[in-house]
Every structure is written in C-alpha cells, then in structure tokens.
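The values are calculated or read from the model by the stated rules, or taken from the named source; none is laboratory data. Computed from a predicted model, the values in this text were never measured in an experiment. With ideal geometry, Cβ positions are generated from the backbone for all residues, glycine too; neighbour counts draw on all protein chains shown.
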Amino acid sequence: MTLPIPDVAQPSRRALLQTGGGFALAFFLGVGSARATISARPQPGDAELAAREGATFAPNALIRIDREGPVRLVMPNVEMGQGVYTTEAMLLAEELDVGLDQVIVQHAPPIDALYGTPLLKSQTTGGSTTVRANWMILREAGAVARAMLISAAAEQWGVPAAECVTKAGVVKHAASGRSATYNELAEAAARQQTPEKVGLKDPKDFKLVGKPMRRIDSPSKVDGSAIFGIDIRVPDMQVAYVITCPTAGGTLKSVKEDEARKQPGVKDVIRLPHGVAVTAPNYWAAKKAAEALEIEWDHGPNVDFSTEGLFKALDEASRTGKALVARSDGPLDRKGKTIEAVYQHPILAHAPMEPLNAVVHVRPDACEIWVGSQVPTRAVGAAAKLTGLPEDKIILHNQYLGGGFGRRLEVDSVELAVNIAKQVPYPVKMIWSREHDIRHDIPRTAYLDRVSAVVDDEGYPVVWKDRTCGASVPKRWAPQMLRKDGFDADLTECSDELSYDIPAFHVEWVPHDMPEAIPIGWWRGVGPTHNIFKVEGFVDELAHAAGKDPVEFRRKMLTKNPRPLSVLNKAAEAIGWGEKLPPRVGRGVAFASPFGSHVCAIAEVEVSPRGVIRIRRGVAAIDCGPVMNPNTVEAQIQGGLIFGWTMALFNEITFEKGAVKQSNFHDYRMMRLNETPPIEVHIVKNEGPIGGMGEVGTAIAAPALANAVFAATGVRLRRLPLDPRLLADPKAGAA
Amino acid sequence: MLTLNVNGEDRSVEVPEDMPLLWVLRDVIGLTGTKFGCGIAQCGACTVHVDGQAVRSCVLPVGELGDAKITTVEAIGATPEGKKIQDAWLAVEVVQCGYCQTGQVMSAAALLRHNPQPTDEDIDAAMSGNICRCGTYVRIRQAIHQAATGKPVAEQTIAYNLQKGPAQ
C-alpha cells in the first residue's frame with residue numbers, strides 16, 4: 001500500500017515507482033479525480049465546522065486561533081505511535097511561526113473532504129503516506145494563516161504588510177514599534193481575504209522541522225492521562241463482553257442464559273449472528289456472566305480449513321494456477337546456470353497492545369461512536385448502513401490508537417459494537433478480550449513464492465523470475481485498487497522493481513483466495529514485508545552460490561544507483577562488515593527501497609547449539625529524503641525492526657478445523673526487552689524525494705535476520721517464522 | 001463493601017472479592033491510566049504498585065489486598081523514582097503509541113526504588129514482563145540508565161512547555 005508522492009498529474013508506472021516505491025494505490029487514488037481532500041485553503045463545509053467548534057479565526061480546516069488560549073491544530077491523520085501528531089503540528093507551526101508550546105492538537109472529525117489524505121482520497125492513515133502526502137499542504141496551511149494575521153495587523157496599523165514580521169505568535173512592525181498577538185488579531189484575520197499565493201520558508205530557516213522535537217503526546221502517555229478508545233467513559237454506559245464462534249464463519253445455534261443471568265450485575269444477553277454479547281456495569285462482571293452462557297454453535301462450512309491444507313493448496317496453485325503478470329521484460333531466454341527457491345510466509349495477527357474496542361450509543365435519531373480508527377469515515381459509513389441512519393447522524397469521536405499496524409484499517413469491530421448497541425437503549429463499551437482479538441483478527445494472509453534466477457559466469461543474475469501465490473486484500477477492502485484483470489499490485493510491491501541492475505524480469509501473481517469467512521487485511525509493511533524477505537533472502541543465496549561476499553555482491557549490482565548504494569555502504573561501515581566473528585555468530589544484510597525510502601539493515605546473531613537465535617546487534621541506515629524529526633525516524637526504524645524480528649522469530653497464526661489455535665501472548669509471542677539488542681540507526685541525508693517511515697523498519701527486518709542465521713549456521717531458512725529446530729548444531733549432539 | 005487504599009486515599013467499592021484490581025481501578029474508580037492488555041499477566045500493561053512492589057493488576061483479586069497501599073501511574077510522579085523515570089522517558093522519547101507505557105513506567109519506577117543503579121541484567125530481569133508492540137525497548141533501557149545516573153545516555157528531545165492535549 002505504498003504511494004507516489006503528491007503532485008504527479010498522470011504519472012507513468014515507472015515514475016511512480018521511482019518516486020513512491022510502488023503503484024498499488026495509483027488506481028485506487030483515481031489520480032486526477034476532483035474529489036476534495038485536505039487543503040491549505042477554505043473548502044465547502046469549513047466555515048460551518050469552525051463555527052460549531054467556536055473558532056474565531058479558521059483560515060482552513062487545520063488551524064483554529066481564538067481570542068485567547070493556544071492555537072488549536074486539527075490533525076487530519078491519526079496518532080498510533082508513528083509520531084504524526086507531532087510531525088503534522090511541527091509543519092503547521094513552522095510556517096505559522098508559533099512554538100509547539102503555543103499549540104494544542106485535536107482529533108479531526110470524520111470528513112473526507114476536509115481531512116482526507118490527497119493520495120488516498122479518503123481520511124485514511126496507512127501505507128506510510130501521511131508525511132509524504134501532506135507535508136507541503138500543511139506547510140502552506142500554516143503560511144496562509146500567517147499571511148492573513150499579518151494582513152490584519154497591517155490593516156489595523158495602516159502599514160505595509162511587507163514591513164511586518166512574525167515571531168512566536170506575535171506580529172510586529174519595527175518602524176512603528178507596534179505588535180499584537182495572534183489571539184488579539186484573530187477576529188480581524190478572519191475578515192481577510194485568503195491569499196492565493198504564499199511564500200514558504202527556506203528550509204535553512206526552519207526552527208522546528210528537522211529537529212528532534214519532543215512528541216506532543218508523550219507527557220500524557222507517561223502520566224496516564226492520555227485517553228485511548230478503551231478509556232472512554234460516558235454516562236449510563238455498560239460494558240459488553242463478546243464471545244464469537246471459534247470456527248470462522250460459524251453461527252449461533254442456541255444459547256442458554258439461565259446461569260449467566262444469575263451472575264452479579266448482568267444487564268443484557270444479546271444474540272448476534274456469529275456470537276453472543278453480555279452487558280454489565282464493568283468488564284469483569286460481563287466476562288463472568290458471558291462465561292456462564294451455554295452456547296451451541298453451527299460451525300458452518302469451514303470446519304475442514306487448516307493452515308496445513310492452505311499451504312498445500314498454495315503449493316498446488318503456485319504450480320498449476322493461472323498467473324497475472326506484473327511485468328515481463330528484457331531478454332528472458334538467456335541460458336545458464338539456474339538457481340531456484342521457494343519461500344513461505346505465515347498468517348499473522350496484528351495484536352496491537354490496546355485490544356479492539358468501541359463505545360457506541362445508538363439512539364432513534366443518531367448514533368454516537370467513540371473509537372480509535374485509521375479509517376474514521378469508513379467507520380461512519382459502516383454504522384450508517386447498520387443503523388439505517390444518514391451519515392450526518394453518525395457522530396464519531398476519534399481517539400488515540402493503542403497501536404494500529406493495519407488492524408484499525410478495518411471496521412469489523414465497530415460494526416460488531418453497533419450491532420450490540422442497536423439492541424439496547426444505553427451506550428455500550430465493547431471490549432474484546434485478548435483471546436478474541438487474536439482469534440478474530442482480520443489477519444495478514446499466507447504466501448508461497450517461487451523465485452528463480454539465471455546467473456552469468458560470475459554468478460550475477462541476468463534473468464529474475466518470481467511467482468508469488470496468495471490472496472488479495474484490496475479485492476475486498478478496495479476493489480477499485482485492482483487492475484482491470486484483477487491484478488493486485490500489493491502482491492508484487494518491492495519484488496517487481498529492484499534497485500539492482502538485472503536485465504530481465506518476469507514477475508507474476510497466482511491468486512489463491514482464502515475462505516470467504518476469513519477476510520484478510522493489511523499488516524504493517526504490507527506488500528514489502530512479504531516480498532523483501534524473499535527477494536533479499538534470494539539475493540543472499542545468489543551471493544553464496546557465486547562464492548561472493550553478500551555486501552560486495554549487492555554493491556556490484558547497485559553501481560548505477562547511488563542513493564541505495566550509499567545506504568548499503570553506510571550500514572556496512574557502521575557495523576564493521578567483514579570482521580572475523582566467533583563460531584555460530586553471523587551477520588546478515590538486507591537492502592530495499594520500500595515506501596519511497598531506501599534502507600539497509602544488518603543483524604548480528606548468535607545461534608545456540610540447540611538452535612535458539614539471539615540477536616546481538618542491529619544496525620540500519622536510512623535515506624528517507626527530507627527528515628521531519630530525526631528522533632522519530634530513529635524510533636520508527638528501531639521499533640519497526642523489532643516488530644519485524646518479532647514476526648520472523650515467533651509469529652504464526654495457525655488454523656485447525658477452521659479455528660485459530662493461538663489466543664494470547666503466551667502462544668503468540670512478542671519479542672521482549674531482554675531479547676532486544678542495541679540498534680543503531682544512521683540517517684543518510686538526502687534532499688529528496690521524500691519517503692515514508694512507519695513501515696520501513698518492519699519490511700527490512702526479517703531478511704537481515706534470516707541471512708544472519710545463514711551466516712552463523714550455514715542453514716538457509718526460507719519459511720517464517722524461523723524454526724529453531726532446524727538450527728541445532730549437529731556437532732553439539734543431542735543437547 | 002471493600003475499602004481500598006489507592007494513591008493515598010481510602011476508596012469504598014461495592015465489588016466481588018474475586019474481581020481483579022485492574023477492573024476496579026478502571027471501571028469502578030475510573031482511573032484509566034492502568035491498561036488492559038492480556039488478562040493473564042503476560043504483558044505488563046496493567047502494572048501497579050502494591051506496597052511499593054510492581055504487580056500485574058489484571059490477575060490480582062481485590063479481596064486479597066487488605067489494607068495494602070496501591071499506587072497507580074496517576075500518582076507515581078509524586079514519588080522520587082516515578083518522577084525521575086517520567087522525566088527520562090520524555091527526555092529520550094520512549095513513547096510511541098503509548099498504550100503499554102504506563103505499565104512500563106510503573107515497572108521501571110519499582111526497579112529504581114529497589115535498585116537505584118541497575119545494570120543491564122537488572123533491567124532485563126525487571127522489564128522483560130512488559131511487552132511493547134511498538135518496540136520501544138532500546139529507549140526504555142536508555143531511559144532507565146538515564147533516570148538512574150542523571151546523565152544523558154542518548155539524544156535528548158527538545159523540550160517545550162507542553163499543553164495537555166488533545167482536547168476531547
């Protein structure tokens with residue numbers, strides 16, 4: 001789900017790839033369509049919204065300046081850890097010329113036309129698009145407001161606007177010695193014409209952008225005052241605990257509620273198509289009562305579905321199925337030594353730390369929702385459909401998200417909460433247990449990839465072929481993203497365009513759908529997380545087959561590509577690539593260009609005689625073009641790597657008899673602090689184009705780790721998660 | 001009717017004795033800084049102090065608490081260790097989504113209270129029960145060292161006088 005950078009009118013596929021690292025959404029975006037999204041200038045609906053919020057001066061949908069108090073900045077995107085509230089506030093404040101100590105941020109209401117990300121044409125936070133898509137618009141929005149404040153001051157004082165300057169929320173006129181605060185000027189500024197053109201700061205004059213500014217949300221998140229969706233409390237609210245049929249697609253046959261009704265506090269037992277909910281004044285009471293229900297399920301059509309069967313079917317489909325071609329070009333008939341491999345990727349749960357939840361109050365005339373969502377307008381649409389109310393009667397209050405990772409790009413949990421709340425007069429806070437969260441995720445799907453190369457006399461690939469097999473997310477989530485023949489570019493993102501100099505490519509996808517009752521979803525790093533594991537593992541295999549050093553091998557194929565090359569060189573230099581290492585210790589390198597950024601990660605691992613992998617050190621080099629906040633870049637790479645390494649070491653969702661086996665953190669493991677190595681992040685400076693950050697670390701993590709395991713043990717693992725049983729040291733005997 | 005001492009105040013609550021402290025804090029008393037993550041003491045998001053010890057409140061029945069003194073994240077800043085930890089957390093910018101961080105802060109404050117100069121091994125032992133899905137562990141370690149020594153151990157964020165936000 002990567003995106004091209006803005007302002008590309010009708011870009012060629014290659015131009016998109018060069019600027020954005022993928023074209024999956026180019027179709028979805030409907031490039032050139034006239035639908036409104038966020039703007040630096042007023043749009044229809046702005047004035048009404050600003051009036052409702054009681055704003056004195058609202059030059060656009062993003063900035064509110066009142067007669068007193070801090071400047072209010074409305075955040076078009078959602079904060080789920082990636083730091084965008086701070087970055088977006090920095091961009092607005094920079095050009096508005098206020099300090100971050102003079103602003104507060106507020107969650108935007110759900111209005112695509114005012115807060116939609118231009119490249120997504122909707123109010124969606126995902127695909128590492130926020131800063132790439134919005135950074136110039138936010139700067140301009142700040143500059144428009146500043147210009148109107150200056151013109152208000154100049155008019156009041158009868159002086160030329162050009163003689164006025166701004167600093168920290170004050171307009172000054174040096175010659176007359178006059179000054180006024182933005183608060184004092186708000187009313188007059190609201191009467192000024194919106195300027196058609198405004199100048200932007202020279203980046204060398206930036207006071208905020210590019211500096212390690214402290215996050216705007218941190219203080220409230222270390223003292224417990226930050227409110228996430230799960231923390232919402234409204235009057236007369238009851239808490240709902242939900243039990244859903246463990247078998248995917250299974251339905252409720254019958255339920256005996258006598259015992260449950262006897263539990264203290266129980267309010268209502270609510271029947272749902274696929275389960276039952278119990279409401280009570282608190283979560284514990286609701287859970288206790290729900291657990292006392294006697295439920296009979298109709299397990300439905302998926303009782304024979306298993307992960308084992310899925311991988312067999314993927315293998316079969318990948319050999320015999322009809323492929324949709326991403327690209328096929330260059331001299332593909334070159335003969336020579338051929339190397340082949342099969343890579344496999346498991347089903348994954350998202351497991352955000354904040355279990356899914358929503359507070360919903362359905363009233364006869366309106367429906368009010370409190371939730372942390374990556375797609376608030378989509379949630380509004382879903383609630384309207386279920387309640388039969390018009391969309392303007394759905395009032396949604398977005399919240400901080402306790403992790404998103406793609407899970408909160410779905411609205412299934414909101415729909416479930418609406419279906420519960422529809423049946424009762426009071427507001428309902430539905431909270432999923434962790435077990436429900438993992439078992440009823442909309443998971444990342446499994447893939448099976450066959451990759452092969454014809455190599456020249458020195459072992460470098462001259463023909464690269466890749467056939468991936470798996471299901472498509474957009475087929476359900478946004479069918480307009482698909483090519484006319486059904487091709488989904490997410491499946492080959494970061495595998496159909498490599499920075500390496502390879503003359504012939506054939507990359508294709510064999511669709512293999514999951515059962516209808518198991519919808520699959522976006523997962524941090526999307527296509528790149530899937531594809532880079534295979535591409536960079538296979539490049540490593542080619543280097544080994546050629547008897548060449550893996551860094552040197554990649555360097556040779558990057559000589560025509562200076563931006564990637566400098567990233568590879570920086571990481572290799574930083575870790576001291578080439579040093580002699582102890583036995584069963586190894587380093588693995590991976591390089592790619594996901595989300596318009598260029599990244600190289602090197603992992604150093606030690607593998608115990610019994611096969612346990614310990615990561616000793618991580619180094620990454622990143623070129624994301626202009627850096628908004630270097631502190632955030634480092635955090636996203638560190639955290640992204642840990643997210644990806646967690647996946648590579650531990651994560652797999654398995655289905656047996658149509659039900660998910662895993663249920664909580666004991667069997668769906670997370671990396672812990674004691675397992676985390678020091679991770680150095682080196683930013684390689686570059687003026688652009690700008691790249692995304694939120695998913696880059698995750699996408700590059702697994703191949704660096706698997707390649708390091710190979711260096712340490714000589715065992716090439718092509719299936720995730722890495723199986724330690726295959727890594728035991730044969731020389732150590734049965735330990 | 002049970003009486004609990006929470007953040008120095010006696011609170012009377014009408015709850016069954018087997019109800020975990022977490023839900024009494026969140027759903028009955030209304031202190032939502034303590035988070036629900038797993039319900040089985042696997043993730044540490046629900047960490048509070050009981051008589052100065054870090055405990056997982058999601059599996060702690062309130063009936064067992066007696067007159068123990070309970071401290072939650074809302075009051076930890078009033079203790080010297082809690083204040084040092086919170087300051088260091090901001091200085092090296094540990095937080096990402098922030099959902100697990102109140103539990104992390106509570107585990108770290110308990111560590112410093114009992115061990116003012118923890119080694120890396122001490123930090124491993126005290127903090128490995130707290131999961132962070134965003135992967136802030138590298139900075140958690142740095143922040144604990146910084147809080148213990150008072151010396152900057154990583155790049156410091158540029159501080160400013162923050163407003164509370166966002167407005168609800």
**Prompt:** Of all residues in the range A:716-735 being among the hydrophobic types (A, V, I, L, M, F, W, C) and either in contact with a helix residue (DSSP H, G or I) (Cβ under 6 Å, 6 or more places away or on another chain) or touching a residue at least 24 places away in the same chain (Cβ under 8 Å) (or both), which is surrounded by the fewest Cβ atoms within 10 Å (Cβ to Cβ)?
**Reply:** A:735
**Message:** Cβ-Cβ distance below 6 Å, separation of 6 or more or different chains: which pairs start in the range A:213-234 with a residue that is within 7 Å of chain B (Cβ to nearest Cβ) and closer than 23 Å to residue A:281 by Cα and end on one that is part of a strand (DSSP E or B) and among the acidic types (Asp, Glu)?
**Reply:** none
**Request:** Mind counting the residues in the range B:7-39 that are under 14 Å from the mean Cα position of the chain (by Cα), over 21 Å from residue A:289 (Cβ atoms) and of a type outside the set (Lys, Arg)?
**Result:** 6
**Item:** strands (runs of 3 or more DSSP E) (entirely within the range B:1-53) containing at least 3 residues that are touching a residue at least 40 places away in the same chain (Cβ under 8 Å) and in contact with an Asp or Glu (Cβ under 9 Å, 6 or more places away or on another chain)
**Value:** B:2-6
**Asked** Which is modelled with pLDDT under 95 and outside any strand (DSSP E or B), of A:79, A:48, A:88, A:94?
**Response** A:48
**Asked** For residue A:56, all conditions in the list (1) surrounded by 24 or more Cβ atoms within 10 Å (Cβ to Cβ); (2) modelled with pLDDT of 95 or more hold save one; what is the number of the exception?
**Response** (1)
**Residue in the range A:366-401 that is farthest from the other protein chains (Cβ to nearest Cβ), counting only those that are assigned to a strand (DSSP E or B) and either within 24 Å of residue B:34 (Cβ to Cβ) or touching a Leu at 6+ places or on another chain (Cβ under 9 Å) (or both)** = A:367
**Item:** Selected residue [β-branched (Val, Ile, Thr), part of a loop (DSSP other than H, G, I, E, B) and crowded, with 18+ Cβ neighbours inside 10 Å] from A:532, A:518, A:502
**Value:** A:518
**The listed residue being of a type in the set (D, E, K, R), in contact with a strand residue (DSSP E or B) (Cβ under 7 Å, 6 or more places away or on another chain) and more than 14 Å from every other protein chain (Cβ to nearest Cβ), out of A:256, A:267, A:201** = A:256
**Asked** Pairs under 7 Å by beta carbon, first residue of a type in the set (Asp, Glu) in the range A:417-437, partner modelled with pLDDT of 95 or more, six or more apart or different chains?
**Response** A:435/A:663; A:435/A:664; A:437/A:351; A:437/A:355; A:437/A:356
**Prompt:** What are the pairs, 6+ residues apart or on separate chains, where a residue within the range A:507-524 that is farther than 14 Å from residue A:474 by Cα has its Cβ under 7 Å from a residue that is in a strand (DSSP E or B) and of a type in the set (Val, Ile, Thr)?
**Reply:** A:508/A:325; A:509/A:468
**Request:** Please indicate, with yes or no, whether at least one residue in the range A:653-662 is without any contact (Cβ under 8 Å) to a residue 24 or more places away in the chain and either among the basic types (Lys, Arg) or surrounded by 24 or more Cβ atoms within 10 Å (Cβ to Cβ) (or both).
**Result:** yes
**Message:** I'm trying to understand the selection: among the residues of the range A:67-78, which are under 16 Å from residue A:133 (Cβ atoms) and more than 8 Å from chain B (Cβ to nearest Cβ)?
**Reply:** A:76, A:77, A:78
**Request:** Collect the residues in the range B:129-142 that are more than 20 Å from residue B:36 (Cβ to Cβ) and either under 14 Å from the mean Cα position of the chain (by Cα) or more than 9 Å from chain A (Cβ to nearest Cβ) (or both), keeping them in residue-number order.
**Result:** B:140, B:142
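Conditions (1) at pLDDT 95 or above; (2) acidic (Asp, Glu); (3) over 20 Å from residue A:514 (Cα atoms), marked per residue:
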| site | (1), (2), (3) |
| --- | --- |
| A:387 | yes, no, yes |
| A:394 | yes, no, yes |
| A:404 | yes, no, yes |
| A:407 | yes, no, no |
| A:411 | yes, no, no |
| A:442 | yes, no, no |
| A:473 | yes, no, no |
| A:476 | yes, no, no |
| A:480 | no, no, no |
**Prompt:** If you scan the range A:412-441, which residues turn out to be surrounded by 22 or more Cβ atoms within 10 Å (Cβ to Cβ) and aliphatic (A, V, I, L, M)?
**Reply:** A:414, A:416, A:417, A:418, A:420, A:421, A:428, A:430, A:431, A:438
**Asked** Among the residues of the range A:322-341, is there at least one that is basic (Lys, Arg) and within 14 Å of chain B (Cβ to nearest Cβ)?
**Response** no
**Message:** Which condition from (1) out of contact with any Lys or Arg (no Cβ under 7 Å at 6 or more places or on another chain); (2) free of Cβ contacts under 8 Å to residues at least 40 places away in the same chain; (3) more than 10 Å from chain B (Cβ to nearest Cβ) is the one that residue A:63 breaks?
**Reply:** (2)
**Complete:** residue A:36 passes all but one of the listed conditions (1) over 25 Å from residue A:169 (Cβ atoms); (2) hydrophobic (A, V, I, L, M, F, W, C); (3) away from chain B (no Cβ under 14 Å); (4) buried (at least 19 other Cβ atoms within 10 Å of the Cβ); the exception is number (4)
**Message:** Can you report the number of residues in the range A:454-471 which are of a type in the set (Ser, Thr, Tyr) and under 15 Å from residue A:496 (Cβ atoms)?
**Reply:** 1
**Request:** Filter the range A:207-238 down to residues that are more than 30 Å from residue A:290 (Cα to Cα) and either among the acidic types (Asp, Glu) or loosely packed, with under 14 Cβ neighbours inside 10 Å (or both), then give me how many there are.
**Result:** 2
**Asked** Which residues, taken from the range A:123-160, are at pLDDT 95 or above, surrounded by 24 or more Cβ atoms within 10 Å (Cβ to Cβ), out of contact with any His (no Cβ under 9 Å at 6 or more places or on another chain) and of a type in the set (Gly, Ala, Ser)?
**Response** A:141, A:142, A:145, A:152
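Table: residues versus (1) assigned to a loop (DSSP other than H, G, I, E, B); (2) facing chain A (nearest Cβ under 7 Å); (3) out of contact with any Ser or Thr (no Cβ under 8 Å at 6 or more places or on another chain).
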residue: B:75; (1), (2), (3): no, no, yes
residue: B:88; (1), (2), (3): no, no, yes
residue: B:96; (1), (2), (3): yes, yes, no
residue: B:109; (1), (2), (3): no, no, no
residue: B:144; (1), (2), (3): no, no, yes
residue: B:148; (1), (2), (3): no, no, yes
residue: B:160; (1), (2), (3): yes, yes, yes
**Prompt:** Mind checking whether some residue in the range B:35-53 is within 10 Å of chain A (Cβ to nearest Cβ) and surrounded by fewer than 16 Cβ atoms within 10 Å (Cβ to Cβ)?
**Reply:** no
**Asked** Would a scan of the range A:596-609 turn up a residue that is surrounded by fewer than 23 Cβ atoms within 10 Å (Cβ to Cβ), outside any loop (DSSP other than H, G, I, E, B) and either within 13 Å of chain B (Cβ to nearest Cβ) or β-branched (Val, Ile, Thr) (or both)?
**Response** no
**Item:** Residue satisfying condition, being at negative phi, touching a Leu at 6+ places or on another chain (Cβ under 9 Å) and not assigned by TED's automatic domain parsing to the domain that holds residue B:34, within set B:88, B:125
**Value:** B:125
